[in-house]
Amino acid sequence: MTEHLARPLIQADPEIAKAIYNETARLDNGLEMIASENYVSEAVLEALGSVFTNKYAEGYPGRRYYGGCEYTDVVERLAQSRAKEIFAADHINVQPHSGAQANMSVYMAVLKPGDTILGMNLSHGGHLTHGHQLNFSGKYFNVVAYGVSQETEQIDYDALSQLAHEHKPKMIICGASAYSRIIDFERIGAIARQTEAYVLADIAHIAGLVAVGLHPSPVPHMDFVTTTTHKTLRGPRAGMAMCKEEFAKKLDSAVFPGVQGGPLVHVIAAKAVCFLEALHPSFKDYQTQVVKNAAVLANSLKDLGFRLVSGGTDNHLILVDVFAKGITGKAAEKALELSGITANKNTIPFDKNPPLVASGIRIGTPALTTRGMGEKEMQTIATWIAEVLTDPENSMRLQNIKTEVQKLCKNFPLYTKRLLAYE
Ligand code: DSN
């Protein structure tokens, strides 16, 4: 190997090495409460940084358009069979680069531009790719949106059914990115059958919970199920699509060559590692703690006077109506960040503020639970959140809380070995 290719990153590119070091320190010293984020294992990171990043492998195991794919096939087959064991789907495609591309592939498999789709309103907790006007899904399809009832702030299944009967969509899409309640996949599957619609569940947020039976599985009730692999599933940043056997060929051709070219084999290797971790009995303990932690955090925040959208949570996330306390989501996100707590502003159903301001913050427990934090820490964190949001302009108080946050983080080390390697 020529000498310059063998240099470690710190020598080859000190600026990028420094940014990586700083990000590692940020993760280690702060409370990551973005509900869609998590911390992957060293094994997942090692697979991601492997030589499989070099490989072109268009096609599928055993039928590739490139030579040299014997070990790539091992990796992809392992990822497929492990995912099958977790989710019990007829057919799995592990190649989508992201959740958005998994959804795009499903649409391409059975829909045509101009078809009607029925998806959950983004501002009620849905997702951009479920028909938002600024997304390809909103541009290529005729979108009808369902949402939550104003009274309960939970999905209005009667209204969903009515819309499906009235508009006869080609596809009904369920799944959410800011919804804290169990989704009744069985009921949505039945509505789709009554109205002869295809039906897709996007379980990106709750995949880890579904994997261990803490949320009812959509697989028996859906034609298609998509997910990302990096949220509660705790794998690499990527996607995956599953379907009933009858759609297998259409889905595979939609992923490649329909939507994507060469698969990211290093990422598929990391997905396989994540699936193996998810099959370990300790993964169920982890997910159980994620849900317990979210419940304790929700109850503590309620006790401290906060209004939670839908009144609470059944899963890993909580949507807090901070505007009810006189602060915008944007201001809340900023004040929390200055205190060492990372969360994101989020619209709440029937929000009066625009999305970039928003009335809510979305907080989740997957990452903190990976660090080993439990109910006691959640109670402490709830009091810090309350202090920050009660007096968001008080920079001295925010700084004091940041110091407390850093002290807590020291007791739950994360990527410390990586930090030491740079020092
Ligand atoms: N952006 C993701 C989330 O934060 O939930 C959804 O794609």
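The numbers here are math on the coordinates, done by the rules we state, and not lab data. From a predicted model like this one, the values you see are computed outputs, not experimental measurements. Quick reminder, even Gly has a Cβ in these numbers, built from the backbone with ideal geometry, and neighbours come from all protein chains shown.
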Seminar exercise, completed: Under 5 Å from the placed amide H of His230, counting only residues 5+ away or on other chains, we find Gly235, Ala238
Seminar exercise, completed: Contour minus Cα-Cα span, Lys244 to Glu58, at 0.36 nm per residue, comes to 64.6 nm
Problem set entry | segment 24-38 - phi-based ³J(HN,Hα) in whole Hz, Karplus 6.51/-1.76/1.60, Gly and Pro as x | 4, 5, 4, 5, 5, 9, x, 9, 8, 10, 6, 5, 9, 10, 7
Seminar exercise, completed: Under the Karplus relation with 6.51, -1.76 and 1.60 and θ = phi - 60°, whole-Hz ³J(HN,Hα) for segment 341-357, x at Gly and Pro, equal 10, 9, 9, 10, 5, 8, 5, 10, x, 6, 4, 8, 9, x, x, 7, 10
For this session: Holding the Cα-Cα limit at 31 Å, pick out from Lys271/Lys352; Lys55/Lys284; Lys168/Lys231; Lys292/Lys345; Lys170/Lys302 the pairs that are longer than that.
Result: Lys271/Lys352; Lys55/Lys284; Lys168/Lys231; Lys170/Lys302
Exercise. Once label points are set 7 Å from the Cα along Cα→Cβ at both Asp115 and Ser253, what is their separation, rounded to one decimal in nm?
Worked result: 1.4 nm
Problem set entry | Cα gyration tensor shape for segment 75-231, rounded if a/c is under 1.5, else prolate or oblate | prolate
Exercise. From the Cα gyration tensor of the chain, with a ≥ b ≥ c the square roots of its eigenvalues, which class applies: rounded if a/c is under 1.5, or else prolate if a/b is larger than b/c, or else oblate?
Worked result: oblate
For this session: Report the antiparallel proportion of the DSSP beta bridges in segment 98-205 as a percent, rounded to a multiple of 5.
Result: 10 percent
For this session: Note down the magnitude of the dipole of segment 307-417 about its Cα centre, charges +1 on Lys and Arg C-beta and -1 on Asp and Glu C-beta and zero elsewhere, to the nearest 20 debye.
Result: 260 debye
For this session: Work out how much length Lys407 to Ala190 would gain on full extension: take 0.36 nm times their residue separation and subtract the Cα-Cα distance, in nm to one decimal.
Result: 73.0 nm
Seminar exercise, completed: For the chain, averaging the sequence separation of alpha carbon pairs under 8 Å that lie six or more residues apart and dividing by its residue count, the contact order in percent is 22 percent
Exercise. Counting only the backbone N, which residues of segment 222-266 are under 11 Å from the spot 7 Å out from the Cα of Arg418 toward its beta-carbon?
Worked result: none
For this session: Quick one: check the C-alpha center-to-center distance for segment 321-393 versus segment 61-102, whole angstrom.
Result: 37 Å
